[in-house]
């Protein structure tokens, strides 16, 4: 939790209650008044809330979410809840499907930022290739064909819009 007084309460790793951690939260704009009472999702990134740094990319990365909590009693926002979910939790849900497809699976937000991916390089970069994102945005169909790394792929697009924003699942399958 991150309080209105600027106090950070990291229940998972209190050793990371540092100014650097607070700075990272401020860069994420977790205190943005426009986000009051909404669950806001952030792209996968290295989990700066932990002291230890796992070797596996899916354990090192985290998907963050935040929610500002307002107190009627004090008539102000009291704190921001910060959630840091290991990206590996998401990856474990679909890794077998990615292997069966002999391709890649990307979960992205409406701006092309990676939430989760079976492609470790894309996960590290944090965004899908601009050309792929443009094709996905411009596509009026749910399936399109792309060339990447001298290979041809079919891309199956699953779109999910909800009160927490837009998510897209891209299934890239070797053609």
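Every read-out reported here was derived from the displayed coordinates using simple, explicitly stated rules and does not represent laboratory data. Remember, predicted model here, so these are calculated numbers, not experimental data. As a convention, Cβ positions derive from the backbone with ideal geometry for all residues, glycine included, and neighbour counts pool all protein chains shown.
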**OP:** With no solvent and one equal point scatterer per Cα, compute the Debye intensity ratio I(q)/I(0) for segment 88-174 at 0.10, 0.14, 0.18 Å⁻¹ and report its log10, rounded to two decimals.
**Re:** -0.22, -0.44, -0.75
**OP:** Starting from the Cα gyration tensor of segment 28-114, take the square roots of the eigenvalues, sort them a ≥ b ≥ c, and report rounded, prolate or oblate (rounded when a/c is under 1.5, otherwise prolate if a/b is larger than b/c, else oblate).
**Re:** prolate
Original post:
Which FRET efficiency, nearest 0.05, do residue 157 and residue 53 yield, Cβ-Cβ r, R0 41 Å?
Top reply: 0.75
**OP:** Please work out which option in [x] 9, 29, 34, 22, 6, 0; [y] 9, 34, 31, 18, 8, 1, 0; [z] 10, 30, 27, 18, 11, 4, 0 gives P(r) over Cα pairs in 10 Å bins from 0, in percent calculated from these coordinates, and answer with its label.
**Re:** [y]
Subject >> Inter-label distance for residue 7 and residue 19, nm, one decimal - labels placed 7 Å from Cα along Cα-to-Cβ >> reply: 2.0 nm
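Given a Förster distance of 22 Å, report the FRET efficiency between residue 111 and residue 140 from their Cβ-Cβ distance, rounded to the nearest 0.05.
Step by step, r from the Cβ atoms, then E = 0.65.
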Original post:
Which order do peptides 96-108, 145-157 fall in by mean Cβ count within 10 Å, highest first?
Top reply: 96-108, 145-157
